[in-house]
Amino acid sequence: MDLDHDTLVAFSKSWGLFYLIALSIAVLIYTFLPSNRKRFDDAKKNILDKDDTPWRR
Amino acid sequence: MPELFHRKLERTAIGFTLAIIAAASVGGIVEIAPLFTIDETVEEAPDLRLYTPLELAGRNIYVREGCYACHSQMIRTLRDEVERYGPYSLAVESKYDHPMLWGSKRTGPDLARVGGKYSDFWHVAHLTNPRDVVPESNMPAYRFLARATLDTSDLGVHLEAQRAVGVPYTDEMVENASRDAFGQATPDTEPASGVVERYGEATQVSAFDGVTTRVTEMDALVAYLQVLGRLTGAAFENTAASEETPDPQQ
Amino acid sequence: MIAQLTTSERRQSAIILLVLGMAGLAMAALGRSDPLGVHGLLVILFSVGLSYFVLSSFYEPEPETDRLGLYYDDPIKVGIVLSMAWAVFGMFIGVWVAAQLAWPDLAFDAAWSSFGRLRPAHTTGVIFGFGGNALIATSFHVVQRTSRARLAGQVSPWFVLLGFNLFCVLAVTGYFMGLTQSKEYAEPEWYADLWLVIVWITYFVLYLRTLARRKEPHIYVANWYYMAFIVVVAILHIVNNVAVPVSLGHAKSYSVWAGVQDAMVQWWYGHNAVAFFLTAGFLAMLYYYLPIRAGRPIFSYRLSILSFWGITFFYMWAGSHHLHYTALPHWVQNLGMTFSVMLLVPSWASAGNALLTLNGAWHKVRDDATLRFITVAVLFYGLSTFEGSFLAIRPVNSLSHYTDWTVGHVHAGALGWVALITFGSFYTLVPTLWKRERMYSAGLVEVHFWLALAGTLVYVFAMWNSGIIQGLMWRTYTDDGTLAYSFIDSLLAMYPYYIARAFGGLLFLLGAIVACYNIWMTVRHVPLSASRRADIPITGLPAGAATPAE
């Protein structure tokens with residue numbers, strides 16, 4: 001491996017940015033996908049239910 | 001597709017863990033990886049010498065006592081720092097520092113270039129009771145250092161461990177470590193000339209705490225303090241001008 | 001507690017303790033002429049002490065109830081007690097070191113009590129002892145309640161909790177003896193680090209297996225934060241602590257990292273310890289105990305997801321802002337600065353989300369000191385994340401770095417955010433866990449709140465003042481173009497603030513002691529709650545709990 005410093009720095013700078021953008025898009029899609037709405041609403045409210053015992057199969 | 005993917009990730013929770021790792025590790029990798037090729041861009045310092053066994057022992061005492069919690073060893077590139085402490089610190093200067101002691105807080109002043117600024121005698125007096133020398137000081141007193149005999153017997157093993165992490169100590173240095181530690185604190189003896197021979201003419205041989213009959217932790221710590229900033233002259237040559245301190249009023 | 005374990009689990013515990021004792025013996029033998037030997041003896045003592053506890057009730061009757069029908073709360077209770085004990089210890093040391101800065105003779109001329117050795121004992125005591133135990137305890141609670149599942153192990157929760165505390169004890173006693181790697185917030189030496197890796201992997205596996213038992217398809221967001229905390233802390237800990245011991249008989253080791261790489265690795269660790277230990281884990285507390293205490297669901301669940309990924313991704317880039325204007329390459333400094341500023345977005349999203357949750361419940365904040373603890377914690381979270389982004393900007397950092405401003409910033413986060421959210425969570429959790437009606441004294445919670453808030457404010461304002469004065473004095477020039485103040489001039493100006501900060505810390509410590517008393521009295525003297533007692537199932541589940549709203 002004879003990567004020199006400049007190559008590594010350039011790689012870091014460019015791919016770090018692409019990675020950031022890709023990750024943001026993925027997270028945004030996940031968050032706002034309409035089919036996820038119900039799951040999120042359930043999760044949000046369920047923790048306030050009476051929860052004094054574990055559920056069992 | 002991403003939705004399905006994520007749902008699956010969540011079910012297993014292992015996938016979710018991987019996602020956390022993927023998101024979290026990039027930043028570190030991007031910033032840290034290129035630093036391992038930094039040697040290519042860092043200034044050269046052919047005159048860089050290694051810590052002698054006594055100085056290394058002193059460094060370990062510096063670490064042990066937590067001196068780094070109040071004293072930095074990193075002069076920033078700002079004008080006021082350069083004027084107060086000396087030329088700003090270069091990466092190459094801490095090349096062999098395992099670990100680095102750049103510090104993060106200055107309750108006391110920076111020590112990156114304290115070597116040679118004060119006499120051995122001053123350091124001993126100051127460490128014994130800082131308020132004898134600097135009445136306003138809030139530094140702890142380290143009287144016990146002068147009482148504690150330095151354990152030099154295992155310094156060879158220390159040098160070997162240093163070599164294992166990349167510091168180029170030679171076999172001869174490892175072999176003579178204990179002898180060299182003794183020699184550096186007892187001028188005009190045969191062991192003393194051995195240290196100079198192995199570590200270079202610039203090595204400071206001195207009876208640091210004024211007592212030559214035994215080597216104490218005080219000797220070691222003062223030897224270390226006196227070498228700070230003097231392992232190489234690189235910082236005094238060919239460095240760019242310091243930066244003007246940012247001034248919000250301008 | 002042992003009564004909760006079956007005979008085979010008791011045997012398992014005894015074997016683990018035996019192995020630990022053997023390890024201690026090996027350490028004591030190999031390191032007989034080194035502080036390592038002392039730690040060996042300490043490990044043996046730890047193992048023998050716990051073994052006595054296990055063996056003395058080894059032949060007690062086995063638990064009869066169907067354990068899977070119950071939550072596993074014993075380790076949580078012990079975790080809370082340990083956390084509070086560490087809080088008092090760590091904060092006491094904190095007040096002591098703070099006082100040493102004003103009156104240096106308070107070290108009493110001993111080696112173990114000098115500033116440099118006490119300081120890591122303070123940081124480790126409060127961050128890992130107090131904070132770590134609080135995180136472990138609450139994570140065990142939250143993961144069980146939100147997954148509606150019992151912890152996936154009977155011995156492993158104890159292993160995690162007590163093993164972690166052994167690590168803390170090794171760390172702190174090590175500092176007193178002068179054992180340190182000198183890496184801030186990662187001071188413990190190699191053997192303690194290795195031990196923590198084992199403990200942490202057990203923690204991770206336990207957490208994953210418990211999550212896998214859940215009923216809901218979706219993992220509640222608090223668990224995401226706990227997971228991020230566990231996973232990322234493992235990565236950080238392992239990478240930062242790679243070191244070569246001088247020999248197997250030496251406690252001392254040399255880091256494999258050196259110079260500029262070491263600086264970057266160290267502050268990548270240091271900053272993300274703040275992120276994933278002191279932020280992610282405590283945000284998990286926020287996302288569970290705030291809705292529970294306020295009786296309202298979180299304002300926006302989506303926002304909590306966005307901020308989770310934002311924090312997880314951005315934080316890792318920010319570490320280099322600790323190294324502005326140093327020998328670290330310029331572009332890394334700039335990258336760190338940029339991401340630090342961007343970090344404000346997910347941070348304030350979390351804080352805003354929490355505050356909006358309280359909309360419509362502000363009267364509760366007024367009346368209920370526990371909820372007020374959580375609310376003020378959120379405010380301090382918002383404040384210190386803003387301040388953090390601000391201090392990460394290079395020109396600002398040129399003034400603030402190396403000064404008390406940084407210390408003030410850290411404590412705005414540590415006292416104002418971390419400690420207050422923990423106390424708020426504990427006051428919510430303690431009555432629930434011990435099945436009491438309420439805390440012993442609401443008045444004492446109120447007293448604690450005001451002591452804590454006053455202490456934090458005094459501390460933070462003192463450090464802001466001293467930090468800015470210090471930074472300005474260092475860079476002030478006379479008309480002739482020479483530096484106006486010597487270093488000692490700037491130190492002299494600090495003394496009043498050092499006294500003030502010790503006083504602020506003292507108030508905070510007193511608050512923690514009040515909390516201990518209140519928790520103790522709750523457990524001892526408050527009657528069992530009728531409603532909560534009735535909820536303990538004897539056989540099977542109550543009808544209502546079996547079918548949670550989907």
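Just so it is clear, none of the values below were taken in a lab; they were calculated from the coordinates. Everything quoted here is computed from the prediction, not taken from an experiment. So basically every Cβ, Gly included, is an ideal-geometry build from the backbone, and we count neighbours across all protein chains shown.
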## Note on the structure
On the formula 1/(1 + (r/R0)^6), with r taken between the Cβ atoms of C:Y52 and C:A29 and R0 of 25 Å, the FRET efficiency rounded to 0.05 is 0.65
## Note on the structure
For A:L17 and C:A361, extending 7 Å from Cα along the Cα-Cβ vector and measuring point to point gives, in nm, a value of 4.3
### Query
Across 10 Å bins from the origin, how do the percents of Cα pairs in the protein assembly as shown run, short distances first?
2, 12, 22, 25, 20, 12, 5, 2, 0, 0
## Note on the structure
Inter-part gap, Cα centre of the range C:382-398 to Cα centre of the range C:219-271, in whole angstrom, is 24
### Task
Using label points projected 7 Å from each Cα along Cα→Cβ, tell me how many nm separate B:F236 and A:D6, to one decimal.
3.3
### Summary
For C:G270, the net charge from surrounding residues (Cβ-Cβ under 15 Å; K, R +1; D, E -1) works out to -1
### Message
Give me P(r) over the range C:286-414, computed from all C-alpha to C-alpha distances, binned every 10 Å, as integer percentages.
### Response
13, 37, 29, 16, 5, 0
## Note on the structure
By Cβ neighbour count within 10 Å, fewest first, B:L127, C:L355 rank C:L355, B:L127
### Task
Distance from a point 7 Å along Cα→Cβ of B:T170 to each backbone N in the range B:47-68: keep the residues under 13 Å and list them by number.
B:50
## Note on the structure
With the 8 Å Cα cutoff and a minimum separation of six or more residues, the range C:1-58 has a relative contact order in percent of 40
### Task
Any chance you could list P(r) for chain B, counting all Cα-Cα pairs in 5 angstrom bins from zero, rounded to whole %?
1, 5, 11, 15, 15, 14, 11, 8, 6, 4, 4, 3, 2, 1, 0, 0
### Message
Over the range B:89-208, what portion of Cα pair distances is larger than 25 Å, expressed as a whole percent?
### Response
38
### Message
Going by amide H atoms built from the backbone, whose H comes under 5 Å of the H on B:E243, apart from near neighbours?
### Response
B:L78, B:R79
### Task
Please report the base-10 log of the normalised intensity I(q)/I(0) for chain A, using a Debye sum with one equal scatterer per alpha carbon and no solvent, at each q in 0.22 (1/Å).
-0.91
### Task
Would you grab the residues whose amide H sits under 5 Å from the one on A:W55? Only those 5+ places off in sequence or on another chain, please, with H modelled 1.01 Å from N.
C:A149
### Task
Give the order of C:T279, C:T6, C:T326 when sorted by the count of other beta carbons within 10 angstrom, beginning with the fewest.
C:T6, C:T326, C:T279
#### Entry: Added length on full extension, which subtracts the Cα-Cα distance from 0.36 nm per residue, C:E62 to C:T476
141.7 nm
### Task
Would you please state which residues of the range C:451-467 a label at C:Y495 would reach in this model, taking the label point 7 Å out along Cα→Cβ and a backbone N cut-off of under 20 Å?
C:462-467
### Summary
Measuring from the longest principal axis of the C-alpha atoms of chain A, the long axis of helix A:5-32 (C-alpha) lies at a number of degrees, nearest 10, equal to 20
### Query
So what's Rg/Rh here for chain C, counting alpha carbon atoms and using the Kirkwood radius for Rh?
0.97
## Note on the structure
Per-residue Cβ contact counts at 10 Å, fewest first, order B:W122, C:W96 as B:W122, C:W96
### Query
Which of the GluC sites (Glu not before Pro) found in the range B:160-211 are loop residues per DSSP with 15 or fewer other Cβ atoms within 10 Å of their Cβ?
B:E201
### Message
At a threshold of 8 angstrom on Cα-Cα distance, excluding pairs fewer than six apart, so keeping six or more, what relative contact order does chain B reach in percent?
### Response
27
### Task
Note down the relative contact order for chain C as a percent, whole number, built from C-alpha pairs under 8 angstrom at least six residues apart.
13
### Query
For the range C:1-90, with equal point scatterers placed on the C-alpha atoms only and solvent neglected, what are the log10 I(q)/I(0) values from the Debye formula at q = 0.15, 0.22 1/Å, to two decimals?
-0.75, -1.07
### Query
Where Lys and Arg each count +1 and Asp and Glu each count -1, what net charge lies around B:H71 among other residues with Cβ under 10 Å from its Cβ?
+1
### Per-pair calculated FRET efficiency, R0 = 22 Å: C:D109 and B:W122 via Cβ, rounded to 0.05
0.60
### Task
Work out the mean other chain Cβ neighbour count within 10 Å for the residues of B:132-142 and drop it here as an integer.
5
#### Entry: Reach of C:K364 by Cα under 15 Å, taken over aspartates and glutamates that are not fewer than 8 positions away in the same chain
C:E446
#### Entry: Links that overshoot a 28 Å alpha carbon limit, given the list A:K38/C:K77; A:K13/B:K95; C:K77/C:K252; B:K95/C:K183; A:K13/B:K105; B:K105/C:K77
A:K38/C:K77; C:K77/C:K252; A:K13/B:K105; B:K105/C:K77
